[in-house]
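Comments concern the structure below.
The values are calculated or read from the model by the stated rules, or taken from the named source; none is laboratory data. Everything quoted here is computed from the prediction, not taken from an experiment. Positions of Cβ are generated from backbone atoms using ideal geometry, with glycine treated the same way; all protein chains shown enter the neighbour counts. Surface accessibility is based on the protein's heavy atoms, side chains included, excluding ligands, DNA and RNA. Shrake-Rupley method; radii C 1.70, N 1.55, O 1.52, S 1.80 Å.
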Amino acid sequence: MDKITNLIYMINIKDVIDILIVAFLIYFILKLITNTRAEQVFKGILLVLIFIKISQIFQLYTINWVFSRFISDGIIAIIVLFQPELRRALQYLGLTSSIKNNFNQNKEYVPETVTEIITAVSSLSRQKIGALIVIEKNVGLSEIIETGTKIDGIVSSGLLINIFIPNTPLHDGAVIIKGPKVKAAACFLPLSDDQKISRELGTRHRAGIGITEKSDCLSIMVSEETGSISIADNGSISRYLDIETLKSILLEVYTPTTNNNLILSRLRGQSEDNEN
């Protein structure tokens, strides 16, 4: 007890700050890799570190050498294999409080923009016309916009519906929306390679999920087979949404609050229950 007491008295404010920073970094990393491929690798690395410690205790030199070499040489392989996850982590680190959301600069357009998107999605869903709409947030999508046809027009339901009408020049691909403007159409998106995605989901849904794995954007997908509405956020998909739910999500996206993550997390849970 005396040693513990002395240790407590030795702790100063710098030690507390140091511990809190390390705890925050660990929490950030764990939150970032949850439900990703990196989560399983992280668990595997922890097991290897445990084996290294056990081999040191029992003086198992050969095992210790093998696992130590695995850790030192495996870092490069991990960086190559999990480059998308690492890039997303760096992107989130770059989103400081000094960066203003694009939508906050155009607050007067929020109700009208959301209404136009909702009207278009409702019409497309009712007619069973496939659609893929990506709403840019803080992380820019300039590279994706360059793959399509630039429009740079104010968001309107008529414009969105006409873009996705079958057999028209711009119907195949994604529409990118930034604030109150449609930036481009017929854009190519990266497909998700997540093996956990339901096989009944086609290329449109995989593309909608894939872009959210590499950016903080929100994707809206309309199925051409069933007319069902889905959204993707942070690599997770929520399916079978109704118009009112979609409207509340869009209002949260365009006027972000602390409840945004809570709403999306709840929707993910509902989606998983529907799939089960």
Where a residue in the range 179-198 is among the polar types (S, T, N, Q) and its partner, wherever it lies, is open to solvent by less than 20 Å² (accessible area, probe 1.4 Å) and modelled with pLDDT of 85 or more, with Cβ under 6 Å and at least six apart
192/209; 192/210
Residues (more than 8 Å from the chain's Cα centre (by Cα) and farther than 15 Å from residue 131 by Cα) located in the range 212-242:
237, 238, 242
Residue count, the range 121-153 (criterion: over 16 Å from residue 178 (Cα atoms) and open to solvent by less than 30 Å² (accessible area, probe 1.4 Å)):
7
Considering the range 204-218 alone, what residues qualify as being within 12 Å of residue 230 (Cα to Cα) and either in contact (Cβ under 8 Å) with a residue 60 or more places away in the chain or open to solvent by less than 20 Å² (accessible area, probe 1.4 Å) (or both)?
204, 205, 208, 209, 218
Looking at the range 183-196, can you tell me whether even one residue there is surrounded by fewer than 17 Cβ atoms within 10 Å (Cβ to Cβ) and among the basic types (Lys, Arg)?
yes
Restricting to helices (runs of 4 or more DSSP H) lying wholly in the range 138-231: which have 3 or more residues that are within 18 Å of residue 253 (Cα to Cα) and touching a helix residue (DSSP H, G or I) at 6+ places or on another chain (Cβ under 9 Å)?
203-214
Tally the residues that are within 23 Å of residue 125 (Cβ to Cβ) and open to solvent by less than 30 Å² (accessible area, probe 1.4 Å), restricting the search to the range 154-182.
12
